[in-house]
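Take a look at the structure set out below.
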Amino acid sequence: MADSFNLGSAHGEIVISTDGATQSINSLASSMRSAGAAMSAAVTLPLVGIGVAAVNSAGEFEQSMNIMAQVSGATGEQMATLQAQALEMGAVTSFSAGEAAQAQLELAKAGLDVNEVMGALPGVLDLAAAGGVGLAEAANLTTAYLNSFGLQASDSTEIANMLAAAANASSASIGDLGAGAQQGAAMFAQAGQAADDLTSGIAILTNYGLTGSDAGTALKNTIMRLMNPTKEAAGLMNDLGIEVYDATGTMLPFADVIQEFADATKDMTDKERDAALGTILLGDGMKAMGPLLKEGKEGFLEMKAAINVQGKAADTANARMKGMNGAIEYLMGSIDSFLIKAALPLLDSLSGIVRVVADSITAISELPEPVRNAAIAFGAVLAAAGPLMLAISGIATAIAFLLSPLGLLVAGVAAAAAGFVL
């Protein structure tokens, strides 16, 4: 298109043609926009995805660490040590660093101090991996054993091994063992029984169909009836020669308690035995002692030996890391820990930027509706243009617009307005 300008009394005409320039620049803008979209899909978006993943992982990790500091009262030096342990566990186990940090938090919430948390974490991770349970469940189960039986945090590995071996040696799952321990741990510990006695009992009862909390409740009530028998029960135990305490007043180990009942009832008919067990142990206790007597002291000790195989949890957890799937889990854990390490130093700055953006959004929402709608529309156009070539293509389009007749008119009006203001 050609534009003519009246030169007054002079004869002649100056023709300014912008068609070619406009077309070329529009073509350039279109090409850049296409290139921007292609490069965004091939390069920018994957990089953005990695960046988002890093920030998300680091943000969740940071949040767990912040809460951990509040719950545990850990010093800055202790928090640095906890952070390093979580990142290491994320790199070498089937769990991410964020999951390891969450497990640390669960242990702290259960009352363990910082050193105990660090001592217990490897066992908790092994237990969760071996049993296929969540880290929160594994942490709660571990601390239940630690607290109930007065064990040290470093014994968490032993607990993990015991539970993993019990799951392998019986039809009980880690969930069954946990539910049973929740019911029976406190009473077994009060009676001076060992943690592996309770676990062996739950494993045996599970094989007989008495699972989870039912098994734990039956064992708990057995102990309670022995600790505080009714008058009738005490008299019958005396008549049968059943003595569950030694000369010092300490309850016998549970295997010997089973033997006491086995010796006292061996010559009885089924009817006589059931009546005696019902009188002494009542309903729930009778449900536990029946299967235990079928196994006998020898069968109980065999189960106890089976669940005390060392390294069982670690072996099962390590098995998850073998083969192709294990290699992928190992790789993903290493990448996750790397991304968290890379992103953590940037979170303070990024959080400040995010808050500025949030404040800006709030400010936009308070603008008059026409201005707000224009801002939203402009943002949508920018977002659609492709993040990599957006600025360049936008500039090219703007130049093409300014060289058009309408653009020249707009520019003229803008200049006139500026002159008027000045």
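Of the listed residues Asp155, Asp263, Asp239, Asp197, the order by accessible area with a 1.4 Å probe, largest first, is Asp239, Asp263, Asp155, Asp197. Label separation (Asn238 vs Thr75): 6.1 nm, computed from points 7 Å beyond Cα along the C-beta direction.
Across the options Ser171, Val257, Ala194, the greatest Cα extent toward the positive end of the charge dipole of region 152-258 (unit charges at beta carbon of Lys, Arg, Asp, Glu) belongs to Ser171. The charge dipole of region 136-257, taken about the Cα centre with unit charges on the Cβ atoms of Lys, Arg (+1) and Asp, Glu (-1), comes to about 240 debye, rounded to the nearest 20. The share of Cα pairs per 5 Å bin across region 65-170, counted from zero up to the longest distance, runs 2, 14, 26, 25, 18, 9, 3, 1, 0 percent. Summed over the residues of region 64-221 and divided among them, the accessible surface reaches 34 Å² per residue at a probe radius of 1.4 Å.
Between the listed residues Asn147, Thr222, Ala101, the Cα displaced farthest toward the positive end of the dipole of region 97-224, a dipole computed from Cβ unit charges relative to the Cα centre, is found at Thr222.
Accessible surface calculations at 1.4 Å, restricted to protein heavy atoms, place region 244-284 at 52 Å² per residue. Between region 181-259 and region 82-138, the alpha-carbon centres lie 32 Å apart. Residue ranking by accessible heavy-atom surface, 1.4 Å probe, largest first, among Met68, Met224 comes out as Met224, Met68. When the pairs Lys266/Lys304; Lys231/Lys304; Lys109/Lys294; Lys231/Lys294 are compared against a 31 Å limit on Cα-Cα distance, Lys231/Lys304; Lys109/Lys294 fall above it. Its residue count N sets the reference 2.2 N^0.38 Å, and the alpha-carbon radius of gyration of region 162-315 equals 1.00 times that reference. For region 220-320, the fraction of 1.4 Å probe accessible surface lying on carbon and sulfur atoms is 49 percent. The charge dipole of region 72-149, taken about the Cα centre with unit charges on the Cβ atoms of Lys, Arg (+1) and Asp, Glu (-1), comes to about 80 debye, rounded to the nearest 20. Using only side-chain charges placed at the Cβ, +1 for Lys and Arg and -1 for Asp and Glu, the dipole size of region 183-248 relative to its Cα centre rounds to 200 debye.
Using the Karplus relation 6.51 cos²θ - 1.76 cosθ + 1.60 with θ = phi - 60°, the per-residue 3J(HN,Hα) values for region 183-195 come to 7, x, 4, 4, 6, 4, 5, 4, 7, x, 7, 7, 4 Hz, with x marking Gly and Pro.
The values are calculated or read from the model by the stated rules, or taken from the named source; none is laboratory data. Note that the structure is predicted; figures quoted are calculated from it, not measured. When we count neighbours, we look across all protein chains shown, and the Cβ atoms used for this are built from the backbone with ideal geometry, even at glycine. We work out accessible area using only protein heavy atoms, side chains counted, and drop any ligands, DNA or RNA first. Shrake-Rupley method; radii C 1.70, N 1.55, O 1.52, S 1.80 Å.
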